[in-house]
1. Report, by residue number, each residue of segment 145-195 that is assigned to a helix (DSSP H, G or I) and open to solvent by 80 Å² or more (accessible area, probe 1.4 Å).
2. Tell me yes or no: at least one residue of segment 5-16 is under 18 Å from the mean Cα position of the chain (by Cα), small (Gly, Ala, Ser) and at pLDDT 70 or above.
3. Search segment 61-95 for residues being within 23 Å of residue 211 (Cα to Cα) and among the small types (Gly, Ala, Ser), and hand back the single one that is surrounded by the fewest Cβ atoms within 10 Å (Cβ to Cβ).
4. Take the conditions out of contact with any helix residue (DSSP H, G or I) (no Cβ under 6 Å at 6 or more places or on another chain), outside any helix (DSSP H, G or I) and either buried (at least 16 other Cβ atoms within 10 Å of the Cβ) or modelled with pLDDT of 80 or more (or both) and apply them to residue 122. Does it pass?
5. Please indicate, with yes or no, whether at least one residue in segment 36-58 is under 18 Å from residue 218 (Cβ atoms), open to solvent by less than 50 Å² (accessible area, probe 1.4 Å) and either of a type in the set (A, V, I, L, M) or at pLDDT below 80 (or both).
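The values are calculated or read from the model by the stated rules, or taken from the named source; none is laboratory data. Since we're looking at a predicted model, the values are computed, not measured. Glycine also receives a Cβ, built like all others from the backbone with ideal geometry; neighbour counts cover every protein chain displayed. With ligands, DNA and RNA removed, areas are computed over all heavy atoms of the protein, side chains included. Shrake-Rupley method; radii C 1.70, N 1.55, O 1.52, S 1.80 Å.
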Amino acid sequence: MAVEGCARVIKFAVFFFNLIFWILGIAILGIGIWVRTTKGDYATLTSSIPMASAANLFIAVGIIVMIVGFIGCLGAWKESQCLLMTFFVLLLLIFILELTAGILGYIYRGKVETEVKKDLVKELDNYGKAGQDGLTSSWDRLQTEEQCCGVNNYTDWNTWNDTRLPDSCCVEHSPDCGEDMSDLSKFHQTGCAMKLEALLGDNLYLIGGVGVAIAVIQLLGMVFSLFLCCEVRKSGKYV
């Protein structure tokens, strides 16, 4: 026997809630792919900072949200106690993980600046070495796109080579432009540490904003799914 009255309204509310949740999963997956394709190379330079892998986190969360949303839709439409309880438990587990990640992120937020500089200094000496093509490319892309040079400024490259700078440090890029150091004003004056910290900070705000939105939707989903599950049990439908 199908649920009736108020429970029927809740059934369709849960269904449409999960449809929105599923669409949200697609959006999160899209953000993850965009971040990975546009800023993913920078993770090579900041290996000790988990936030640098924000793109992978978004992709994983997007896929999980899509799967959970589908289970919720199916459970609501079929009025299945099994699927509804599975949906509730999955939402609860995800919510606990999100809460834990948020607390840890808040506790360790001050480490970002220190770790960024430490990683960049460590990877500075590996620039241009054999087998370090990915790291070299990441440095060049960071310095070109963010218009920066070195860790704090261009003088950091003296430990790598005291007679020239990487061509990606040039304001007007051209082959071997880094060899002419007679006019230092033609190189980017800002260090890349500050630029990368800002990028990581933007990622944190993005993750935090999306996380809050998901948490609110999850809480509503858990309440509605539990209520619908109880109503299905009362109606005597055990699917």
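1. Selection gives 145, 159, 179, 185, 194.
2. no
3. 62
4. no
5. Yes, the conditions are met somewhere in segment 36-58.
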